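Heads up, the thing below is written out as structure tokens.
The values are calculated or read from the model by the stated rules, or taken from the named source; none is laboratory data. Everything quoted here is computed from the prediction, not taken from an experiment. When we count neighbours, we look across all protein chains shown, and the Cβ atoms used for this are built from the backbone with ideal geometry, even at glycine. Just so you know, the surface numbers come from the protein's heavy atoms only, side chains and all, with ligands and any DNA or RNA stripped out. Shrake-Rupley method; radii C 1.70, N 1.55, O 1.52, S 1.80 Å.
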Amino acid sequence: NHTMQIEQREIYRAIAEMAYVIAKADKGLSAEERMTFNQIVEEELDFNSWVAQSRFELLDEVTQPSIDIAYNEALHDLKKYRDHLTPELKATAVRVMQKVAESCSGYSEKEKLIIDRFKSDLKNLSPA
């Protein structure tokens, strides 16, 4: 089934935005991190990875939000679509962030803090 619901697409975009937050948390984005992100979402999101990749690219090359703004935007979207945010998608979001964090010279304190914050924010996102 290749047709993706709008909600699901928005959730993938939010996951990409969270990955962007992690990738940018330390020093900004290296070419290596971009490639790694693309590989990670291909593994995790399969056919739908293009959605995440195009969002990531837009953030990275065009809008370039601060990590606070990007985090809040992504969380806002996840809240909006929380009825579609399955436990699997939540786990995927966290996994993508962790893999991105590990890929760029190991976990930093800052990355760990963001992921911990995200996990607790996710807990509060159970369907309305």
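Observations
- Total residues in segment 56-114, condition within 15 Å of residue 9 (Cα to Cα) and β-branched (Val, Ile, Thr): 2
Conditions (1) within 19 Å of residue 29 (Cα to Cα); (2) of a type in the set (A, V, I, L, M, F, W, C); (3) touching a residue at least 12 places away in the same chain (Cβ under 8 Å), marked per residue:
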residue: 76; (1), (2), (3): no, no, no
residue: 91; (1), (2), (3): no, yes, no
residue: 106; (1), (2), (3): yes, no, no
residue: 114; (1), (2), (3): yes, yes, yes
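- Test result for residue 110, touching a helix residue (DSSP H, G or I) at 6+ places or on another chain (Cβ under 7 Å), among the basic types (Lys, Arg) and over 18 Å from residue 45 (Cα atoms): yes
- In segment 107-120, the residues that are assigned to a helix (DSSP H, G or I), more than 13 Å from the chain's Cα centre (by Cα) and within 17 Å of residue 20 (Cα to Cα): 109, 110, 112, 113, 116, 117
- Candidates in segment 73-90 are the residues that are open to solvent by 70 Å² or more (accessible area, probe 1.4 Å) and under 21 Å from residue 59 (Cα atoms); of these, the one that is nearest to the chain's Cα centre (by Cα) is 73.
- Checking each residue in segment 19-38 for being among the basic types (Lys, Arg) and either under 17 Å from residue 52 (Cα atoms) or touching an Asp or Glu at 6+ places or on another chain (Cβ under 6 Å) (or both) picks out 24, 34.
- Put simply, of 70, 93, 23, 19 the only residue that is buried (at least 20 other Cβ atoms within 10 Å of the Cβ) and in contact with a Leu (Cβ under 6 Å, 6 or more places away or on another chain) is 23.
- Among all residues of segment 4-12, there is at least one that is free of Cβ contacts under 8 Å to residues at least 60 places away in the same chain and surrounded by 22 or more Cβ atoms within 10 Å (Cβ to Cβ).
- For segment 28-58, the candidate set comprises residues that are among the polar types (S, T, N, Q) and surrounded by fewer than 17 Cβ atoms within 10 Å (Cβ to Cβ); within that set, the residue that is modelled with the lowest pLDDT is 30.
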